[in-house]
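Here the structure comes first, spelled out in structure tokens, and everything after it is commentary.
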Amino acid sequence: MFFYRESELNLLNEDFDKANSSLSFIFARRQVGKTTLLNEYTKNKNCLYLSAFETINFLLLKEFKKTIDDFTNNKNEEMIKSFEDLFIYLGKIKIENKIVIVLEDIQELIKIDKKFLINFNNYWNKYLKNMNIQFIITSSFLPNDFENLAIAKKVDNKIKLKPLSFNIIQKLLPDIKLDDLMLVYSLFGTNPTYLKFYDTKENFFINIKNNFQKLDSILINEGMNIIKKDLSDVLTYCSVLHAISIGKKKIGDIASFLNLKSSYLTRYMQKLLDLMLVNKIVPINENPSKSKFGRYEIDDNFLKFWFCYIYPNINFLNTNKFDKILNDIEKDYDRKLVEVAYKKHVSEEIQNDHMSFLDYRPKKIGSWWNNKDIEIDLIAYDSKTITFIDCKWTKSNSLEDDYKALESKAKKFETQLEKKYLIFNKEKTSKIAL
């Protein structure tokens, strides 16, 4: 079953229809759906699929050659000893009708050859660009200097794959109770692989217990498995992600929680950013490269849940005391996870249907906070109007009091634009215009 990747499919199909060769990169963190997208895209195309995996250089090149030979019905004994040899060998393929070549998971190649992306520019120019091919590279690693690399200038499409839309949950779980939608979203995000474990006939918290209390459960080790695939110093990375999951979003707060210096954590934070496991956000009116108000958030809802509740409770899991964990989840699940997930959902709704909510197309939408104690959930604006948005998941004061509080906070944001206000409430997950 395939949902909601039409725009990416259209981009790839437009490239395929070009009269010359094309090069595309697809970046996404693990478990977002790169392979699923490409399987859908290539199902009716002639495709050579080269998937990198964790092994030594010699064995990987040997497997790549075997795959190429199987694709071309070639049985020669030519030796491939380097990545350059590999692309020379690829360049010799005789092609009548355009083919797709997928090089999947290049983060595994980068572990073998740190200069792979730098060298690939030469491989493309010398051996590949004049072939009748569509070359697609996928990676769960997006280096912060990618745009400065020579190969980035040759790319026809750079696709950063986003998670599926919130609406996918109801399509995959048509019998889900409406009251459980946001709870499930906060737990599993919109990942079809995870959502299939949810039993709509059971209570939400019983679902958590059924999926996580047994030590042989598929999901119980999922968070650790994701980290171990790409990171070596697992202890530090897991500790950082745990700190962020419980609300330590500033690098100083993370460092203080872990009893470390902020400067020590800098390279760890950059690696997590490169792997798209965390996002660094700044107030909507700040320059990301200069702002001192940066905050870190775990992008994936499931990973956030796992590091918030599973990772720190291994002892209870090992001693079969899951009820203690469940009590903690029931007590503060809304505050720790659902409120942030709800704000993410509201932002997505506004961007997908801006005319219904704002009556204009926003130039920008994002959160805002100052260096004291003022924070506004979302702000959207165009050249004329600015809208201040409050997202109310947990029970709050009267609507009038909520409005006054939002209006008061908005005064701290300097602007000459016409001000409007929106409050989204939990019950209808829709706007209240004020």
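The values are calculated or read from the model by the stated rules, or taken from the named source; none is laboratory data. Not measured: the values here are computed from a predicted model. Reconstructed Cβ throughout: ideal geometry from the backbone, glycine too, with neighbour counts over all protein chains shown.
Annotations
- Matching entry among PHE16, PHE116 (being surrounded by 14 or more Cβ atoms within 10 Å (Cβ to Cβ), under 23 Å from ILE151 (Cα atoms), of a type in the set (A, V, I, L, M, F, W, C) and in contact with a Lys or Arg (Cβ under 9 Å, 6 or more places away or on another chain)): PHE16
- Criterion violated by VAL102 - all others in (1) hydrophobic (A, V, I, L, M, F, W, C); (2) part of a helix (DSSP H, G or I); (3) within 30 Å of THR193 (Cβ to Cβ) satisfied: (2)
- Among the residues here, ILE376 qualifies as buried (at least 20 other Cβ atoms within 10 Å of the Cβ), modelled with pLDDT of 95 or more and under 22 Å from LYS426 (Cβ atoms).
- Qualifying residue in segment 348-361 (condition: among the charged types (D, E, K, R), crowded, with 18+ Cβ neighbours inside 10 Å and on the phi < 0 side of the Ramachandran plot): yes
- When residues of segment 421-434 are limited to those that are in a strand (DSSP E or B) and at pLDDT below 50, the one nearest to the chain's Cα centre (by Cα): SER430
- Among residues of segment 40-51 that are within 14 Å of LEU103 (Cα to Cα), those with a Cβ under 7 angstrom from a residue that is exposed (fewer than 15 other Cβ atoms within 10 Å of the Cβ) and not hydrophobic (A, V, I, L, M, F, W, C), sequence gap 6+ or separate chain, pair up as LEU50/THR67.
- Boolean, ILE227 is under 16 Å from LEU326 (Cβ atoms), in a helix (DSSP H, G or I) and β-branched (Val, Ile, Thr): no
- Scanning segment 197-211 for residues that are out of contact with any Asp or Glu (no Cβ under 7 Å at 6 or more places or on another chain) and not in a helix (DSSP H, G or I), we see that the one that is nearest to ARG335 (Cα to Cα) is ASN203.
- Cβ separations smaller than 9 Å between residues 6+ apart or across chains give the following pairs from segment 201-212 residues that are free of Cβ contacts under 8 Å to residues at least 60 places away in the same chain and assigned by TED's automatic domain parsing to the domain that holds ASP175 to residues that are aromatic (Phe, Trp, Tyr) and assigned to a loop (DSSP other than H, G, I, E, B): PHE204/TYR198; ASN207/PHE197; ASN207/TYR198; ASN210/PHE197; ASN211/PHE197; ASN211/TYR198.
- Restricting segment 298-334 to residues that are charged (D, E, K, R) and within 24 Å of the chain's Cα centre (by Cα), the residue that is farthest from GLN213 (Cα to Cα): ASP299
- Test for LYS214: is it among the basic types (Lys, Arg), within 30 Å of SER383 (Cβ to Cβ) and either in contact with a strand residue (DSSP E or B) (Cβ under 7 Å, 6 or more places away or on another chain) or in a loop (DSSP other than H, G, I, E, B) (or both): no
- Meets criteria (aliphatic (A, V, I, L, M), over 24 Å from PHE53 (Cα atoms) and free of Cβ contacts under 8 Å to residues at least 12 places away in the same chain) for LEU235: no
- Wholly enclosed helices (runs of 4 or more DSSP H) of segment 1-97 bearing at least 2 residues within 23 Å of the chain's Cα centre (by Cα) and more than 21 Å from LYS129 (Cα to Cα): 6-16, 34-42
- In segment 130-144, of all residues being outside any strand (DSSP E or B) and touching a Lys or Arg at 6+ places or on another chain (Cβ under 8 Å), the one that is farthest from TYR185 (Cα to Cα) corresponds to ASN132.
- Any hit, segment 167-187, residues being out of contact with any helix residue (DSSP H, G or I) (no Cβ under 7 Å at 6 or more places or on another chain), among the aliphatic types (A, V, I, L, M) and either at pLDDT 95 or above or loosely packed, with under 15 Cβ neighbours inside 10 Å (or both): yes
- Here is the figure for segment 372-420: residues that are in a helix (DSSP H, G or I) and either within 29 Å of LYS292 (Cβ to Cβ) or touching a residue at least 24 places away in the same chain (Cβ under 8 Å) (or both) total 8.
- Residue check, ASN10 farther than 30 Å from ASN144 by Cα and not small (Gly, Ala, Ser): no
- Selection from segment 31-54 of residues that are of a type in the set (Lys, Arg) and surrounded by fewer than 19 Cβ atoms within 10 Å (Cβ to Cβ): LYS43, LYS45
- Some residue of segment 357-371 being in a helix (DSSP H, G or I) and touching a residue at least 60 places away in the same chain (Cβ under 8 Å): yes
- Flag if THR193 is closer than 27 Å to TYR4 by Cβ, touching a residue at least 24 places away in the same chain (Cβ under 8 Å) and surrounded by fewer than 15 Cβ atoms within 10 Å (Cβ to Cβ): yes
- Failed criterion for LEU142 (all others in (1) over 30 Å from SER22 (Cα atoms); (2) at pLDDT below 95 hold): (1)
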